[in-house]
Amino acid sequence: MLIFNTTYLVSDKVHGTWLKWIREQHIPFMLDSTYFSHPQVARVITSDQQEGTSFSVQFHVNDMRTLKLWNQEYSVAFQEICSQQFGTEVIFFTTVLELID
């Protein structure tokens, strides 16, 4: 089992709009693809000074093959949707975590 994690740095200007988008559009979009389950949203706690707030949005995915299929089918659309919605007010990167226990 893997965790597909996306870390976002969200500008204070769009904080509320972004949270609503995550809950009402992004999580349903990811779950509707049928590749993911168990969505979680967490605020990243940091002692570093930064503009905005960092969040981690995570989903469980069965394996790398499944994640690769999702990437081929949906990743470009996801990036375009996020960019159209928020422009430079939200930046993000993804990581994959392997559950070991």
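The values are calculated or read from the model by the stated rules, or taken from the named source; none is laboratory data. The shown structure was predicted, so the numbers you read here are calculated from the model rather than taken from an experiment. FYI the Cβ positions are ideal-geometry reconstructions off the backbone, even for glycines, and counts take in every protein chain you see.
Observations
- Boolean, Gln25 is more than 11 Å from the chain's Cα centre (by Cα), assigned to a loop (DSSP other than H, G, I, E, B) and at pLDDT below 95: no
- Among the conditions (1) modelled with pLDDT of 95 or more; (2) closer than 19 Å to Ser33 by Cβ; (3) of a type in the set (Asp, Glu), Glu80 misses just one, which is (1).
- Within region 10-29, the set of residues being over 13 Å from Phe86 (Cβ atoms) and without any contact (Cβ under 8 Å) to a residue 40 or more places away in the chain comprises Arg23, Glu24, Ile27, Pro28.
- Residues satisfying the stated conditions in region 44-101, i.e. among the small types (Gly, Ala, Ser) and either in contact (Cβ under 8 Å) with a residue 40 or more places away in the chain or part of a strand (DSSP E or B) (or both): Gly52, Ser54, Ser56
- Condition broken by Val14, with the remaining ones in (1) buried (at least 16 other Cβ atoms within 10 Å of the Cβ); (2) in contact with a His (Cβ under 7 Å, 6 or more places away or on another chain); (3) not aromatic (Phe, Trp, Tyr) satisfied: (2)
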